[in-house]
Structure formats: structure tokens, C-alpha cells
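Structure, as C-alpha cells:
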Amino acid sequence: QVQVVESGGGLVQAGGSLRLSCQASGTSFSFSAMAWYRQAPGKQRDLVASITSSGVRNYADSVKGRFTISRDNNRNTVSLQMDRLNTEDTAVYYCAARVFARDYWGQGTQVTVSS
């Protein structure tokens, strides 16, 4: 059974930084893509950033130049470095790992940016 576990959320002041980490496990197959999504209160869950096993990255326009996604294929981990955070980044952040066209989700980690 695939498991996905996030860590690293918390409270930070606007302009600060946070780093989220995610560990996927439970399969001997490689994850074709790993991604971070976020969901603010009353809003839908949106893609923040994704990265394929070959290292191709994709970012939401709202985070380009501020967030950096990286992954370690050997360890099945993905990280999200978030810099220059602003209050609009406040949300629950979810990690997703894709194997055989199926996405597995973590429980989410809260990121709160105070003004």
C-alpha cells in the first residue's frame, strides 16, 4: 500500500521561508511524478508545483520565482522550498505521488503566513 507523508508546515511571517518535505513509500515501482498542491479555506485544491522522474518541473504562475520543487528518486522524496511567502500562500499543502497513472495523497500540512 502506497503511503505519502508530508512534513515541514508551520507559521511564518510574510517574506519568510519554509521547506516542505514528502516521503512516498510502499511500492517498488518508481513514481512517474510527484507534486505539491494546496487548498485554502473555501477554495479548490490547486497545483503548486510538480516534477517528473526525469526532473521536468512545472509551477503555478503564482509561485514561479519564489518556490522550488526538487526530488530524490532513490529515496522517493520530494521537497518544496518556499521563499518570499505572502499571506496568499496560506493553505493546507498536500503531496501527491503518481504511480501507474494513479495519484496517492498525503494528509496535508498547514502553512500559515502572517502579515
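For Ser70, indicate whether it is in contact (Cβ under 8 Å) with a residue 60 or more places away in the chain, out of contact with any Cys (no Cβ under 8 Å at 6 or more places or on another chain) and among the polar types (S, T, N, Q). Spelling it out, it is not the case that Ser70 is in contact (Cβ under 8 Å) with a residue 60 or more places away in the chain, out of contact with any Cys (no Cβ under 8 Å at 6 or more places or on another chain) and among the polar types (S, T, N, Q). For segment 77-91, which positions are open to solvent by 30 Å² or more (accessible area, probe 1.4 Å) and free of Cβ contacts under 8 Å to residues at least 60 places away in the same chain? Passing the criteria: Thr77, Glu88, Thr90. Taking segment 9-51 as the region of interest, how many residues are within 13 Å of Leu80 (Cβ to Cβ) and at pLDDT below 95? Residues meeting the conditions: 1. Scanning segment 17-49 for residues that are open to solvent by less than 40 Å² (accessible area, probe 1.4 Å) and without any contact (Cβ under 8 Å) to a residue 40 or more places away in the chain yields a single hit, Ala49. Scan segment 97-106 and give yes if some residue there is of a type in the set (Ser, Thr, Tyr), in contact with a Lys or Arg (Cβ under 6 Å, 6 or more places away or on another chain) and open to solvent by less than 50 Å² (accessible area, probe 1.4 Å), otherwise no. The answer is no; no qualifying residue exists. When the test is whether a residue is hydrophobic (A, V, I, L, M, F, W, C), modelled with pLDDT of 95 or more and in a loop (DSSP other than H, G, I, E, B), Leu85 passes it. The set of residues from segment 6-16 being part of a strand (DSSP E or B) and open to solvent by 50 Å² or more (accessible area, probe 1.4 Å) comprises Ser7, Leu11, Gln13. With the structure loaded, tell me whether Asp103 is farther than 25 Å from Val2 by Cβ and either at pLDDT 95 or above or out of contact with any Asp or Glu (no Cβ under 6 Å at 6 or more places or on another chain) (or both) or whether it fails that test. When the stated conditions are applied, Asp103 does not pass them.
The values are calculated or read from the model by the stated rules, or taken from the named source; none is laboratory data. From a predicted model like this one, the values you see are computed outputs, not experimental measurements. Note that we place each Cβ from the backbone using ideal geometry, even for glycine, and neighbour counts take in every protein chain shown. Quick note on the areas: whole protein, heavy atoms, side chains included, nothing else; ligands and nucleic acids left out. Shrake-Rupley method; radii C 1.70, N 1.55, O 1.52, S 1.80 Å.
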